[in-house]
Amino acid sequence: MIRIVDYGVGNIQAFMAMFKHLGLEAKRADTPESLDRASRLILPGVGHFDHAMKRLNDSGLRTKLEELVIKMKVPLMGVCVGMQMLAEGSEEGILPGLGWVPGRVRSLSSKMNSTCLAMPHMGWNNLQPRGGSKLFSRGFEGLPQFYFLHSYYFDASDKGDVAATAHYGIDFDAVVSRGHIHGIQCHPEKSHHWGKQLLKNFVEL
Amino acid sequence: MLRPRIIPCLLIHKSGLVKTQGFKDSKYIGDPINAVKIFNEKEADELLVLDIDATVNGCEPNFDLIGRLAAECRMPLCYGGGVTTVDQAARIVDMGVEKVALSSAVISNPSLLTEIANVVGRQSVVAVLDVRKKIGIFTSGYEICTHNGRVTHKCDPVILAKELQNAGAGEIVINSVDKDGFMQGYDLDLAMQFRGVLNVPMTFLGGVGSLEHMTQLASTMGIVGLAAGSLFVFKGKYRAVLISYPTLQQKMDVCSKALKT
């Protein structure tokens, strides 16, 4: 059963709608008990890094989540700020991240030479999948387009974890996979057939 | 690479979908939820839904309708109309709407944008400016209006847009009142005034009658949001109601022609 971690931040409704459309059973989980028997986990997130971390830390869900993901190896996908939370920390805030995927979250604008690019990075951009990524192993032909809306990005320390990159001023790590833990900066729940396929691959492969 | 967004704009009036001309003469189009379903199937880049009654009637956003729109919409959604408080904006974002659009409330009080951005994040806050040419023989330039064109604000659109960006808007939408619904093309002179002025993404609305009009704007303005109402709801010179949206190939043609890639 797919569980969408509801710690008070992020677009739970959009994931519910997308999984319903895919014919996959998904439930919102806002208590440790409701996370039981999860076979796949979605960690959404929007807004400020520290705000999201604080809400997760205060939600009473973190211990259970760690047990499921670290001990029981239940596959998890962090989306947008949910991806950034997998890192050790972020330039946007001072709170430590979950540290499940080695890396830091950095500001896009501080890395850019050109100031003519609008910030946030908003809209449809291509993902450049790396060969061998499970998430893109089925149903992707040509360059997939995904919807982005962010000003910070995940900079993986171990580039072997990078499953796809995107380009906006710089090339950045847009999708990471470290074993059963995945993170995606763009929004598969709002990216039409490309996003659908990626979520399907996450659930089925 | 990032490409311009092609955005259907849907106007809500008395819970139904309408299309106006010059902010007047609203014509009934159909049911908003049904339209969202069609744009899901057509894989639209984004939807902009504006309730044109809420501010004029002084009522708060129709949360019931927003909830139903958000549950149905499988593309990024921006909602505007009647939002005047931080709580309302936060509630809309919690319902699954990516972006909240504000106009009259932030034109009179730009610091509201700061407060909302602090809660939902700047990326979810959009300021919409309804702009029209000043009327009068010896006048030139543009002015801002609110309340569906009934209230005029004597300020320069570019200066105001900058102010709203600095206050916390993550996107600015420029809507041409004069061009609205006439399908003769965007107000390019107006758009040009914003070239290189803002650091946040921009979206233009008002006047589109064909994909060529979108190509025209994107060739001058680069990667911006290309929003349109009539183009996506009417067909033919008799303005028969038929919801349409370009295919992926047509969209990519608009983008590649405009950006010469």
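The values are calculated or read from the model by the stated rules, or taken from the named source; none is laboratory data. Just so you know, these numbers come straight off a predicted model, no measurement behind them. Please note: Cβ atoms are built from the backbone with ideal geometry, for glycine as well, and neighbour counts cover all protein chains shown.
Pairing residues of segment B:89-107 that are touching a residue at least 24 places away in the same chain (Cβ under 8 Å) and of a type in the set (A, V, I, L, M, F, W, C) with residues that are assigned to a loop (DSSP other than H, G, I, E, B) and crowded, with 22+ Cβ neighbours inside 10 Å, at Cβ distances under 6 Å and at least 6 apart in sequence or on separate chains, gives B:ALA89/B:VAL83; B:VAL100/B:VAL83; B:LEU102/B:VAL83.
For segment A:144-157, the candidate set comprises residues that are more than 16 Å from A:GLU92 (Cβ to Cβ) and more than 10 Å from chain B (Cβ to nearest Cβ); within that set, the residue that is surrounded by the fewest Cβ atoms within 10 Å (Cβ to Cβ) is A:SER157.
For segment B:134-157, the set of residues classified as among the β-branched types (Val, Ile, Thr) and surrounded by fewer than 18 Cβ atoms within 10 Å (Cβ to Cβ) consists of B:ILE135, B:ILE137, B:THR139, B:VAL151, B:THR152, listed by residue number.
Of A:GLY99, A:GLY89, which residue is in contact with an Asp or Glu (Cβ under 8 Å, 6 or more places away or on another chain) and more than 14 Å from every other protein chain (Cβ to nearest Cβ)? Result of the check over A:GLY99, A:GLY89: A:GLY99.
Could you say whether any residue in segment A:156-163 is at positive phi and not in a loop (DSSP other than H, G, I, E, B)? Among the residues of segment A:156-163, not one is at positive phi and not in a loop (DSSP other than H, G, I, E, B), which makes the answer no. Scan segment B:90-114 residue by residue and report those that are in a helix (DSSP H, G or I), closer than 24 Å to A:ILE12 by Cβ and more than 8 Å from chain A (Cβ to nearest Cβ). B:ALA90, B:ARG91, B:ILE92, B:ASP94 - these are the residues of segment B:90-114 that are in a helix (DSSP H, G or I), closer than 24 Å to A:ILE12 by Cβ and more than 8 Å from chain A (Cβ to nearest Cβ).
Scanning segment A:29-58 for residues that are among the basic types (Lys, Arg) and more than 13 Å from A:VAL9 (Cβ to Cβ) yields a total of 2. For segment B:1-35, a residue qualifies if it is more than 14 Å from chain A (Cβ to nearest Cβ), among the β-branched types (Val, Ile, Thr) and under 13 Å from the mean Cα position of the chain (by Cα), and exactly one does: B:ILE12. When A:CYS116 is evaluated against the numbered criteria (1) at pLDDT below 95; (2) on the phi > 0 side of the Ramachandran plot, which criterion, by number, is the only one it fails? All conditions pass for A:CYS116, except number (2). Given the condition of a type in the set (S, T, N, Q), closer than 22 Å to A:GLY45 by Cβ and part of a strand (DSSP E or B), answer yes or no: does some residue in segment A:123-132 qualify? The answer is yes; a qualifying residue exists. If you go through segment A:9-57 and keep only what is part of a loop (DSSP other than H, G, I, E, B), within 9 Å of another protein chain (Cβ to nearest Cβ) and not β-branched (Val, Ile, Thr), you end up with A:ASN11, A:GLY47, A:HIS48. Here is a check on your reading of the model: is A:VAL203 over 17 Å from B:GLU43 (Cα atoms), within 13 Å of the chain's Cα centre (by Cα) and at pLDDT 95 or above? Considered against the rule, which asks whether it is over 17 Å from B:GLU43 (Cα atoms), within 13 Å of the chain's Cα centre (by Cα) and at pLDDT 95 or above, A:VAL203 comes out as no.
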